[in-house]
Amino acid sequence: MQASSEQLTHLAGVWAHGWALSRGVAPPTALGRAHRLEVGLPQHRVRYVVSGGRDLASHAPAWNGPGTVVKAFLARDETAAVLGPSWRVGECEALMSTALPGHTDPAPEPYRIQVQSQGATHRALALAPDGRAAAEAWAALHRGHAVFDRVVTDPEHRRRGLGRALMGALGRICA
């Protein structure tokens, strides 16, 4: 189901707050219907989050400089058209939403799931038999929403259900 403009603006704000919690950076600053996050890394100094083309067009001229990242919840071609040729537009990602599961899929044998929580932020690891992390995922809670981040499975452990098990474990905790 396609979200309305107001729903998408709300979800973009929730996403910005959850991303900040997950990454351990300061909460975003509201810029009208957009958000600014101070990330502080050399290649990722500041991140702007915006959900609409008009909002992107009105703010983008001021969003420049080394290490500036824009997360726009728009189609790739629309984003590129608004930003113009001076910007590099990355691969398209989807903003997805779903009800959180009340159950957890068990970790497939021989892996085990470990969850670490600190406040509203949770990290789930799928551990291989040798104790090394085979997959990990993060979730942060903000205003009744869970924002999932950094869901990664090591290439040699893919296609075994680890992502599903991690998302289920985090979903259960967040619910």
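The values are calculated or read from the model by the stated rules, or taken from the named source; none is laboratory data. Everything quoted here is computed from the prediction, not taken from an experiment. Positions of Cβ are backbone-derived with ideal geometry, glycine not excepted, and every protein chain shown enters the neighbour counts. All accessible areas refer to the heavy atoms of the entire protein, side chains included, with ligands and DNA or RNA removed. Shrake-Rupley method; radii C 1.70, N 1.55, O 1.52, S 1.80 Å.
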Of the listed values (i) 52, 30, 29; (ii) 52, 39, 31; (iii) 58, 48, 27, identify the label whose number matches Cα extents along the principal axes in Å calculated from this model. (i)
Could the peptides 8-14, 89-95, 74-80 be put in order, highest first, of the mean number of other beta-carbon atoms found within 10 Å of their residues? 8-14, 74-80, 89-95
Could you look at region 1-138 and say what percent of its accessible area is carbon and sulfur, using a 1.4 Å probe and all protein chains? 53 percent
Please give, to one decimal in nm, the separation of the simple spin-label points placed at Val25 and Trp87, each 7 Å out from Cα toward the Cβ. 1.6 nm
Quote the relative contact order of the chain in percent (integer), defining contacts as alpha-carbon pairs under 8 Å separated by 6+ residues. 18 percent
In a shell of Cβ-Cβ distance under 9 Å around Val25, excluding Val25 itself, what net charge do Lys and Arg (+1) and Asp and Glu (-1) give? +1
Top mean-square fluctuation among Arg150, Arg36, Arg88, Gaussian network model of the chain, C-alpha springs under 10 Å? Arg88
Would you mind telling me which residue in Ser117, Ser58, Ser97 has the biggest mean-square fluctuation in a Gaussian network model of the chain, where springs connect alpha carbons within a distance under 10 angstrom? Ser58
Per-residue [θ]222 nm for the chain (sum of -39500 (n - 2.57) over DSSP H runs n ≥ 4, rounded to 500): -8500 deg cm²/dmol
How many angstrom lie between the C-alpha centres of region 59-129 and region 9-34? 12 Å
Quick check: pseudo-label points 7 Å beyond the Cα along Cα→Cβ at Ala120 and Arg143, how many nm apart are they? 1.0 nm
Checked region 9-90 with the C-alpha gyration tensor, a ≥ b ≥ c its square-rooted eigenvalues, rounded below a/c of 1.5, otherwise prolate if a/b is larger than b/c and oblate if not; verdict oblate
Say a paramagnetic label sat at a point 7 Å from the Cα of Asp154, along Cα to Cβ; which residues of region 95-129 have their backbone N under 20 Å from it? 107-116, 123-129
Accessible area (Å², per residue) of the chain, counting only protein heavy atoms and a probe of 1.4 Å: 59 Å²
Give the shape of region 126-168 as rounded, prolate or oblate, defined through the alpha-carbon gyration tensor: a ≥ b ≥ c are the square roots of its eigenvalues, a/c under 1.5 means rounded, and otherwise the shape is prolate if a/b is larger than b/c and oblate if not. prolate
